[in-house]
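Encoded as structure tokens, the structure appears first; notes follow it.
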Amino acid sequence: MQTLAREDLAALLRWYVEQGLDETIGEEPVDRFALPPPAPVAVAAPLPQGAVARVAAAASAAPPAAMPRSASLTSLPTRAPVPLESPQLVADARTLAQNCSSVDELEAAIRAFEGCALKRTAKNTVFADGVAGAPVMVVGEAPGADEDRLGKPFVGVSGQLMDRMFDAIGMSRQRDLYITNIIFWRPPGNRTPTPAEQAICLAFTRRHIELARPKVLVLAGGTSAKAILDTTEGIMRLRGKWTAVQLDDGSTVPTLPTFHPAYLLRTPASKRQSWIDLLAVDMRLRELGVR
């Protein structure tokens, strides 16, 4: 078995932390896809001599017992229990979001919402940061460990990179940016949110965009881009291409998908493409007369 050097182990641990793998569940790995071991088969003891004949005679003499109604086939459940992330929860989230007339009301509604299971494992509800009503609204994917701890989006290493990127074109979250995610609670282990979790939170996110009314919408990462644009295309095909997102109130907002800063930390060579995207955002704002 090959052993890693101390420096390699330290680098591996740093990489785990950057990816959000900061929790240890158990000492040994668990294969959750493995089949359970077969149950032991009970072997009946042989009947004494002559017992077989006596049992057969008793069975033929006794009338057949009626099947209890509770054990009949018609009394068995016909469908599985309704899952926690049911379509009704999506409808409830959409109705709740539409009844909010301001960003503050929407934040209060999301913090009080109990329909998403992610809230039960997260430390904080991560709503938004920056200036509501700013010209640029950035929508990311989901909170990480730092965001979950502090209750604000994009405050970890990737968020610091994003701040430096926008600072390069003269913009900051204290003045020009409004930042949120499509998911308001950290998924355990930073896993990708399920389609059901995305559908529930997306009802709030779309209303969030309507109430914030940005001049330009920037979608950071493939998960947020595919969810808001309602497409199956990956971020490699989507990034750098302007589109218009039509919201439920009939308004539209110019939208540009781009790479998530966490991806840039893993793939520094892609920073050039992200810089081109930032220049495109700056140019669009100037065309709109915002800068």
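General observations
- Residues within region 135-151 that are in a loop (DSSP other than H, G, I, E, B) and either free of Cβ contacts under 8 Å to residues at least 12 places away in the same chain or in contact with a helix residue (DSSP H, G or I) (Cβ under 8 Å, 6 or more places away or on another chain) (or both), tallied: 4
- Count - residues of region 137-159 that are of a type in the set (Ser, Thr, Tyr) and under 15 Å from residue 224 (Cα atoms): 0
- Flag for residue 224 being within 29 Å of residue 98 (Cα to Cα) and surrounded by fewer than 21 Cβ atoms within 10 Å (Cβ to Cβ): no
- Some residue of region 160-178 being closer than 22 Å to residue 230 by Cβ, among the aliphatic types (A, V, I, L, M) and in contact with a strand residue (DSSP E or B) (Cβ under 6 Å, 6 or more places away or on another chain): no
- Take the conditions (1) surrounded by fewer than 18 Cβ atoms within 10 Å (Cβ to Cβ); (2) of a type outside the set (Lys, Arg); (3) without any contact (Cβ under 8 Å) to a residue 40 or more places away in the chain; residue 188 misses just one of them, which is (3).
- Pairs with Cβ under 6 Å, 6+ apart, first in region 114-125 and farther than 13 Å from residue 183 by Cα and surrounded by fewer than 17 Cβ atoms within 10 Å (Cβ to Cβ), second charged (D, E, K, R) and at pLDDT 95 or above: 123/148
- From the list 136, 131, the lone residue that is at pLDDT 95 or above, of a type in the set (Val, Ile, Thr) and surrounded by fewer than 19 Cβ atoms within 10 Å (Cβ to Cβ) is 131.
- Residue match in region 160-181 (condition: closer than 21 Å to residue 121 by Cβ and part of a strand (DSSP E or B)): yes
- Out of 278, 202, 211, 288, sole residue that is surrounded by 15 or more Cβ atoms within 10 Å (Cβ to Cβ) and in contact with a strand residue (DSSP E or B) (Cβ under 9 Å, 6 or more places away or on another chain): 278
- Single condition residue 154 does not satisfy, out of (1) buried (at least 19 other Cβ atoms within 10 Å of the Cβ); (2) without any contact (Cβ under 8 Å) to a residue 40 or more places away in the chain: (2)
The values are calculated or read from the model by the stated rules, or taken from the named source; none is laboratory data. Just so it is clear, the structure is predicted and the values come from calculations on it, not from any experiment. In this analysis, Cβ positions are derived from the backbone assuming ideal geometry, glycine residues included, and neighbour counts consider all displayed protein chains.
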